[in-house]
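What follows is a set of notes on a single structure, which appears directly below.
The values are calculated or read from the model by the stated rules, or taken from the named source; none is laboratory data. Please read these numbers as outputs of a predicted model, since none were measured by experiment. In this analysis, Cβ positions are derived from the backbone assuming ideal geometry, glycine residues included, and neighbour counts consider all displayed protein chains. Quick note on the areas: whole protein, heavy atoms, side chains included, nothing else; ligands and nucleic acids left out. Shrake-Rupley method; radii C 1.70, N 1.55, O 1.52, S 1.80 Å.
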Amino acid sequence: MAANIVDRLDLHGVLLEEGITYEVVMVSSSSDSQPHIAPIGIRLKKNHLLSRVYTDTITYSNLSANSLCTLNLIRDGRIFYLALYDKEQLARQIERRDGFWVITGSEGWLGLRVADIQNDSREARMFEFEAVDGGPLTHPTKGYSRADTALVEMLVHSTRIAPFLKQGRTEDAKMLVELLRHYYSLIKRVCPGTDYEIYADDILKRSLTAFERSGF
């Protein structure tokens, strides 16, 4: 039996449903309107969007200074890679639209305004946003590849390794490395010799370097 959709946001054709964490690319702006790109997880609750943001990030500083930001709805794992590790290249693929930053290749976008900020932990705050603009984008349809999902999973897991090691959760960090090896193997099998494989190899090497620096 399908679960009841308690809440949903349908703004100009962009549909998000409660109970689902969406991986998106956020573009926030500094006080002098310089854009900053970052992959981020977001979820819908009572017609507002929630995201946990670490206080030592540029995204946090920007949102504290400028309440407007843009969510880019992305399916392409390579764009997520660029958002994390090659922001300068991706910055050349964004354009201003009604005061918001839209990335070329997005499925759609949402212009958000910070509505509230709550303490989440010593290292993070929970931001609550309201959607004020947005819509789907028209661009050529891209075929689905398992490499996109695998690459995004690698990116998410790779960002957790250093915090786990810092917290003494060595076994959890090792488990994530094994998952990275699994996804890398998948990408190498389904997209050999492509930028997917190049990016996956880089993510794995970065994660192994984190272990070496920690002394494990």
Can you list the lysines whose alpha carbon is less than 17 Å from that of residue 188, not counting same-chain residues fewer than 8 positions off? 205
Helix-only [θ]222 nm of the chain, DSSP H runs n ≥ 4, -39500 (n - 2.57) each, per residue, nearest 500: -12500 deg cm²/dmol
Can you compute the modelled spin-label distance between residue 170 and residue 89, with each label point 7 Å from Cα toward Cβ, in nm? 3.6
Using the heavy atoms of the protein chains and a 1.4 angstrom probe, tell me the accessible area per residue for the chain in square angstrom. 55
Relative contact order for region 19-164 using alpha-carbon pairs under 8 Å, separation at least 6, rounded to a whole percent? 24
I'd like the carbon and sulfur percentage of the solvent accessible area for the chain, probe radius 1.4 Å, heavy atoms only, ligands and nucleic acids excluded. 48
Quick check: net charge around residue 40, other residues with Cβ under 9 Å of its Cβ, Lys/Arg +1 and Asp/Glu -1? 0
Taking a 1.4 Å probe, which of 120, 148, 32, 202 shows the most accessible area, and what order do the others take after it? 32, 120, 202, 148
Could you sort 138, 170 by accessible area so the largest value comes first, with the probe set to 1.4 Å? 138, 170
Would you mind calculating the gained length between residue 61 and residue 15 on full extension (0.36 nm times residue separation, minus the Cα-Cα distance), in nm to one decimal? 13.7 nm
What's the longest bit of the chain with no exposed trypsin sites (Lys or Arg not before Pro), using DSSP loop states and at most 14 other Cβ atoms within 10 Å as the test? 143-216
Using a Förster distance of 25 angstrom, determine the FRET efficiency expected from the C-beta separation of residue 120 and residue 30, and round it to 0.05. 0.65
Estimated dipole of the chain in Debye, rounded to 20 [Cβ of Lys and Arg +1, of Asp and Glu -1, Cα centre]: 420
Can you find, among 114, 156, 103, the residue sitting farthest towards the positive end of the charge dipole of region 102-187, where Lys and Arg contribute +1 and Asp and Glu -1 at Cβ? 156
Cβ-based charge dipole, the chain, positive-most Cα from 21, 127, 179: 179
Distance between Cα centroids, region 101-120 to region 159-205: provide it in whole Å. 27
0 to 90° range, to nearest 10: angle between helix 195-214 axis and the chain longest Cα axis: 70
